[in-house]
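Structure first, commentary second.
The values are calculated or read from the model by the stated rules, or taken from the named source; none is laboratory data. This one's a predicted model, so the numbers in the text were calculated from it and none came from an experiment. All Cβ positions, glycine included, derive from the backbone under ideal geometry; neighbour counts span all protein chains shown. These accessible areas exclude ligands, DNA and RNA; they are computed on the full protein's heavy atoms, side chains included. Shrake-Rupley method; radii C 1.70, N 1.55, O 1.52, S 1.80 Å.
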Amino acid sequence: MRYPDGGGLTAKQRARREQVRFQAAELFAQGVAPPQVARRLRVSRKSAYAWHARWREAGVQALRSKGPSGRPSRMKPDWRDWLAAELEKGPAAHGWVEDQRWTLARVATVIARRFHVRFSPAQTWRILRQMGFTVQVPARRAAERDEEAVATWIKETWPRVGKTVRDRGAWLCFADEAGQLLRPPKARTWSRRGHTPRVTVRAAGSGRISMAGLVCRRPGGRTRLIFRMLAHHGRKGEKKGFREKDFAALLDAAHQQLGGPIVLVWDNYTHHVDAAMRELIAARQWLTVFRFPSYAPDLNPAEGVWAHVKHSLANLAPCTIDELAALTRTRLKRLQYRPDVLRPDSSQTCHDVTPNRKPQ
């Protein structure tokens, strides 16, 4: 790794560069030649010879960092703290309501409005990088989402879910549904530079597949995936999706396979909360149901299953609904043997059900 001799480095980078110079001084003291030092420390020979000359003249102290070179930055440290807080508020807070993108021009305008200093796009990019900001694709979140309700659910309801699981020795099951049309999602692929790759898809025709699944966990046990699928061909009178009896049949099958009581957590979909579903739930003594707050799919680990399946179907060639259903069923069966996908790193609230442990 080559360390530049010019400015533009952060304090952490300068300290790291200084540490490399000290390592070079230790090697010089052992009689190692500059070319060998350059090879060991992965720096240029020019830098190694320059460090050797300075070390021979004034010792190790000559290799200490002198701080940033050039003129001091006009972007003061307290300005950076203020800018970071403003960027977190989003562009709408500063008058850009047509979209929610931070561009270099907009960031430079925000700085100029507050401190009356105008930075070029290159300078703004460097400032943002030094502040730890990078260009990223945002995650979508529903405008109707109530963050206070989500926080309350995490603090109050989720501990009750865990307590119920422990007290009843039950399986904790997360339920979710998804669908897939014949037109597949897009994914990156290799192509000659300047030539956009094309994927031929069906522009006409109807039909879709519906999927319903349970991600089932129990402390000390293997995570299980239990699913059902429906194929809708667009025919008259054909069932288009899962209804209350279908969900009840899926839960009965899960109860039989798991061999124990179930604590179910799912969303507020219409067929989950209507009178027919409530009646079916009440008739099953082994079933306890909790519901996620509205517009909070990030709390449901089952969402990751559908994301993984749809990613595997990207750029799919034209096929019939039956072929799509067969491919999707194969992908789901493979996931049943992928605990790393079914039980990802427990960085989110509902990804861990360890006994006597509250959500983080």
Could you look through region 67-95, keep only residues that are open to solvent by 50 Å² or more (accessible area, probe 1.4 Å) and touching a helix residue (DSSP H, G or I) at 6+ places or on another chain (Cβ under 9 Å), and pick out the one that is modelled with the lowest pLDDT?
-> Pro68
How many residues does region 290-309 contain that are open to solvent by 40 Å² or more (accessible area, probe 1.4 Å), within 22 Å of Val165 (Cβ to Cβ) and aromatic (Phe, Trp, Tyr)?
-> 0
Tell me, which residue of region 142-165 that is within 29 Å of Thr288 (Cβ to Cβ) and assigned to a loop (DSSP other than H, G, I, E, B) is most open to solvent (accessible area, probe 1.4 Å)?
-> Glu144
For region 96-107, how many residues meet the condition of being surrounded by fewer than 12 Cβ atoms within 10 Å (Cβ to Cβ) and at pLDDT 90 or above?
-> 1
Counting only residues that are among the small types (Gly, Ala, Ser) and open to solvent by 20 Å² or more (accessible area, probe 1.4 Å), which one in region 24-58 is farthest from Arg14 (Cα to Cα)?
-> Gly31
Being polar (S, T, N, Q) and modelled with pLDDT under 85 is the filter here, so list the residues in region 131-154 that pass it.
-> Gln136
Are any of the residues in region 186-194 of a type in the set (A, V, I, L, M, F, W, C), at pLDDT below 90 and part of a loop (DSSP other than H, G, I, E, B)?
-> yes
May I ask you to list the residues in region 258-310 that are of a type in the set (Asp, Glu) and within 17 Å of the chain's Cα centre (by Cα)?
-> Asp298, Glu303
Any idea how many residues of region 166-193 are over 30 Å from Asp322 (Cα atoms), open to solvent by 20 Å² or more (accessible area, probe 1.4 Å) and touching a residue at least 24 places away in the same chain (Cβ under 8 Å)?
-> 3
